[in-house]
Amino acid sequence: MTVAFGAIGLLLAVALCALVHVTVMAFAGRALGVALDELSFGLGPRLLRLGRVSIRLLPVGGAVRFQTAGATMPADGTMPADVSTPTAATMPADEADVDPRHLEAQPLWAQLFIGASGCFALIALACALLGGMAGVHALADGFANIVSGALSPLHTAQALLARVDAAAHGLPFPMLLGLTAATTAALNLLPLPGANGGYLLGALGKSAGLGKHWPASLTQILLLAYVALAASWLVAAVVYLSNGV
């Protein structure tokens, strides 16, 4: 029973963090006049749609989709939080054709605010639940743990997963939620395509006029790095769970 409660508590913490992340981004965008295509809670097949809000099968993530001139720009709330990196496919051919409600029509400060708002909310939640600087330290640890675990899925990641397991079963839920919020923020702030950090760097680069000099092959390499990081942690999780059976 204790094992079940620990797993449920961890799942609930992840779901709440995803909910906070995407909801805050959606509200930030709407408050600044950006048109919203869809706000999704969860991942996988859609179970229910209410206007622009979708409920999906797996309650471990989410996405916010703002309108852009070329296509809809996603903002994953998990792996992911989170607004994707702008590419040539999502940038308009003629700036004059950009609708003022589109994301890229906003001033740079607004784009950065929207892209970072969900992560800032998670960091604030971590600081509130863990106690000030402890939340900031948890965020820094989150960056280090995500990278070091991905580089060593059979060793370092196993020790980190054991710590997560122990925290899920031994910590009070508010503290577990705070640690999950800090780690989720760190994951979404990674400077990789598909993450909030990648979008923020893309917006800064475009504002500085670097978009025309950014080769598509480099974006593909960074995307492969993101996929490799996720795959490494998936392997680590499978090994950990198989050893625990």
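The values are calculated or read from the model by the stated rules, or taken from the named source; none is laboratory data. These numbers were taken from a predicted model, which means no experiment stands behind them. Every residue, glycine as well, gets a Cβ built from its backbone with ideal geometry; the counts of neighbours run over all protein chains shown. Ligands, DNA and RNA are excluded from the accessible area calculation, which covers all protein heavy atoms including side chains. Shrake-Rupley method; radii C 1.70, N 1.55, O 1.52, S 1.80 Å.
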- Item | Subset of the range 204-222 [among the hydrophobic types (A, V, I, L, M, F, W, C), at pLDDT below 90 and surrounded by 13 or more Cβ atoms within 10 Å (Cβ to Cβ)] | W214, L222
- Name the residues in the range 92-121 that are at pLDDT 80 or above, of a type outside the set (A, V, I, L, M), open to solvent by less than 50 Å² (accessible area, probe 1.4 Å) and over 14 Å from A28 (Cα atoms), would you? E104
- Message: I'd like the full set of residues that are surrounded by fewer than 18 Cβ atoms within 10 Å (Cβ to Cβ) and assigned to a helix (DSSP H, G or I), limited to the range 1-14.
- Response: T2, V3, A4, F5, A7, I8, L11, L12
- Among the residues of the range 37-66, count how many are surrounded by fewer than 19 Cβ atoms within 10 Å (Cβ to Cβ) and touching a helix residue (DSSP H, G or I) at 6+ places or on another chain (Cβ under 7 Å). 2
- Message: Given the options G6, G61, G42, name the one that is over 25 Å from G198 (Cα atoms) and modelled with pLDDT under 90.
- Response: G6
- Item | Among (1) open to solvent by less than 40 Å² (accessible area, probe 1.4 Å); (2) at pLDDT below 90 - the single one A89 does not satisfy | (1)
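Can you pull out the residues in the range 128-158 that are closer than 21 Å to I8 by Cα and open to solvent by less than 60 Å² (accessible area, probe 1.4 Å)? Lay out the reasoning, then the answer.
As a first pass, look at the range 128-158 and keep what is closer than 21 Å to I8 by Cα: 129-130, 158.
Answer for the range 128-158, where residues must be closer than 21 Å to I8 by Cα and open to solvent by less than 60 Å² (accessible area, probe 1.4 Å): L130, Q158.
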- Take the range 28-66 and flag every residue that is free of Cβ contacts under 8 Å to residues at least 60 places away in the same chain and under 21 Å from A124 (Cβ atoms). R30, A31, L39, F41, G61, G62, V64
